[in-house]
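The values are calculated or read from the model by the stated rules, or taken from the named source; none is laboratory data. All values reported here derive from a predicted model rather than from experimental measurement. We place every Cβ from the backbone using ideal geometry, glycine too, and count neighbours over all the protein chains shown. Only protein heavy atoms, including side chains, enter the accessible area calculation; ligands, DNA and RNA are left aside. Shrake-Rupley method; radii C 1.70, N 1.55, O 1.52, S 1.80 Å.
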Amino acid sequence: MHIEIAEMARMSERGSSLLRLIQNSHTPVLDLLIRESVQNSLDAAKKHDSPVYYDISIVEFNKHKAAKHFTGIQDKLISRFSGDIQKSIVIRDKNTVGLTGPLHQDYIKDNKFGNLLKLVYEISMPQEKKEAGGSWGLGKTVYFRAGIGLVIYYSRIKLKDGEYQSRLAACLVEDETKSDTLLPEPEKGLKRGIAWWGEKHSENSTRPITNQEKINRILEDFNIEPYTGDETGTTIIIPFINEKKLIAKAEYSEEQWWHKDIEQYLNIALQRWYAPRINNEFYPYGSYLVPSVNNKLLTENNMEPIFSIIRSLYIAASSDLNNVYSTYIDKKDIQVKQIDIHRTLRDKTAGKVAFIKLDRDNLRMNVPENKRSPYEYLDLPKNGDDTNPPIICYLRKPGMIINYETEGKWTSGIDPTPSDEYIIGVFVPESKNLVIAPEEAMSLDEYLRRGEKADHSSWSDIMIGDKKFTIVERIQKRVSAAIRHAYNSKDERENLFRSGALSKSLAKVLLPPAGFGNQPSPGIKTEKPRSKSRRRNTGHKLEITNSSRAADGSIVLNFEITIPEKTMSLEIEAKIDSEGNKKITGDEWESENEIGTKFPVVIRNITFDSSNELLEIKLFRTKRYGSQNKVKVNMNGFSGRLSGKINLASSDPIIQAVLDETLHIIKEGRN
């Protein structure tokens, strides 16, 4: 094949910078390779009503036969590797459209580059499909990182006239700053570290080979079968790999067998990231995935239990619980909750979360199967204590799991389970729902896609126009709330509520501190009569004297408070104690800028001693959902020690409730 060495130009990428484009140091290269390559295959599906076939294999080849095809570096390839037999990672898909589009930039019309040019010759070019998983831009750099930087692309497509055409080209990306580079020194100028191989297009450029005989000879030397008949698809060959380096991990147990063999590792990685779409005929958005490793089919029947269960949870959330059939769990144990967001979406439904509590038997962790824990299969850290944090994963329309979360907003407040139990949840967005944004119309799936990092490792909220949206944050809050409502124990709810009511600053000093001054004091509303004179009031606070539990599980608090003279009224309001010492009111909680759900704390009633019958009591509710969260007592001239009872109930087992009291006082005096 002819070589084309990329020349240095302004604003051009170098090999060293391309290899660093995706700064992902926490995900192994083989996982990134699986995530990128499977997604590219699925994005290129030929028909929505038929599956995409994907295989990833380790294939041996003779270095002398292979190296001769690479003009300019063949001698260095042979001398760098000592053994005659080397290995490639070969990624092959079928029932996809292949690398379509023009063969060279000179043939581009209407700015349509096509899949071929975007994948092989360009960088950072976005996918034209809005529902696609990636962008054909940055993720593909993992192909160069998996081997020595050399990648061969072979594809067979069907042309508009009905004829089939094969295409083959190669690309090398290497760190041009190193001393052992493969590419020759340029006659003039700086090294860029990038080159292509193919057939000659012009004096200084190449294009893919289309001659079938030449392609067959190259494929034979790499031990690869060509596409035949009506097959179309793409094969990516990454030669001269270092198996031990690719599966190396600093720490793993002897029982984690997949870290000892690259084929087994690829098998687990496929399940880890694409379990929801593997042989899933209920996948709602088109083609499902039929994967294999070294041509050995991976099906729901030979998946590891944890991944088969995740697949079942996805089916429950994305289609119908009745479609779930599992040898590991009873579908009656799966809970599916709708996640609603108001005002920001055309339809309030942001998606569904399906979750389940598992034991060791479900996961086949006991004798004789002795399967590993979910944290090991998912490559998740786990605290050293004897409890298990919940595991929540989430994904978009393409079906690739973005990440597995055990802490943070996705799992906030969900109780850890004992060491022999596990909570697993899968959130599936309502992808076709529309985001209400005057500046730009987009689906929820497109919103989430734009908020993904280049390596698709997490979701974050984005700006649309000059407005910051909070869709992801609100989804996270509602997912964690749904699961903790289902699984946090009643005793825990009562204990937490009592703790919040009694020990977390239930009452605070509301009157002005000692000393004079004009600076206002929080919690005091002052009526100022025409008199020019004022006098200072000393501070008072609500004191809890006793507490008890009502038959319905609510809390009854006995309280006392000293009411100064000139007090017009007393207000007592239930609030939620949040991070940063912020107290969230009922209306704030129910707003779209905060939680957006019904305020979980209710003031059932308040009563006073019989000697205070003249007091007028009025209960107030939140504006949005009508939660009874505040009481106002008109004092009618009363002053002195006031005692009574207040009855509180909570619908959320994890909240920390507080009571804030405010005395409305007329301050007056003389000069």
(message) Quick check on my link table: of K352/K598; K94/K397; K160/K200; K178/K200; K244/K397; K468/K632, which ones sit more than 26 Å apart, alpha carbon to alpha carbon?
(response) K178/K200; K244/K397; K468/K632
(request) List the extent of the Cα atoms of region 208-272 along each of their three principal axes, largest first, rounded to whole Å. (result) 49, 25, 17
(request) Specify the angular offset, from 0 to 90 degrees and rounded to the nearest 10, of the alpha carbon long axis of helix 471-487 from the longest principal axis of the alpha carbons in the chain. (result) 70 degrees
(request) Compare the Cα positions of I56, I315, V290 along the charge dipole of the chain (+1 at Cβ of Lys, Arg; -1 at Cβ of Asp, Glu; about the Cα centre) and return the one farthest towards the positive end. (result) I315
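Return the percentage of antiparallel bridges among DSSP beta bridges fully within the chain, rounded to the nearest 5 %.
90 percent
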(message) Using all alpha carbons of region 382-442, what is the percent of pairwise distances in each 5 Å bin, ordered from the shortest bin to the longest?
(response) 4, 16, 19, 17, 14, 12, 8, 5, 4, 2, 0
(message) Bin width 5 Å, origin at 0, all Cα-Cα pairs of region 87-243: what percent of pairs per bin?
(response) 2, 8, 16, 21, 22, 17, 9, 4, 1, 0
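Sort the following peptides by mean Cβ neighbour count (other Cβ atoms within 10 Å, averaged over residues), highest first: 294-301, 192-199.
Result, highest mean Cβ count within 10 Å first: 192-199, 294-301.
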(request) Determine, for each peptide in 239-245, 431-437, 175-181, the mean count of other beta carbons within 10 angstrom over its residues, then list the peptides with the highest first. (result) 431-437, 239-245, 175-181
(message) At 1.4 Å probe size, with the rest of the protein present, what percent of the exposed accessible area of the chain is carbon and sulfur atoms?
(response) 45 percent
(request) Give me the orientation-averaged projected area of the Cα convex hull of region 234-391, in nm², one decimal. (result) 13.0 nm²
(request) For an R0 of 56 angstrom, estimate the FRET efficiency from the Cβ-Cβ distance between K623 and E263 and round to the nearest 0.05. (result) 0.40
(message) List the aspartates and glutamates whose Cα sits under 20 Å from the Cα of K46, skipping any in the same chain fewer than 8 residues away.
(response) E36, D55, D93, E128, E131, D161, E163, D230, E231, E281
(message) Ignoring everything except DSSP H segments at least 4 long, calculate the 222 nm mean residue ellipticity for the chain; use -39,500 (n - 2.57) per segment, divide by total residues, nearest 500.
(response) -5000 deg cm²/dmol
(request) Report, in degrees rounded to the nearest 10, the 0 to 90 angle that the Cα long axis of helix 262-274 makes with the longest principal axis of the chain. (result) 50 degrees
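Return one whole number: the accessible area per residue of the chain in Å², for a 1.4 Å probe.
47 Å²
Based on the Kirkwood radius over alpha-carbon pairs, what is the Stokes-Einstein translational diffusion coefficient of region 341-471 at 37 °C with 0.692 mPa s viscosity, in µm²/s?
So the translational diffusion coefficient is about 198 µm²/s.
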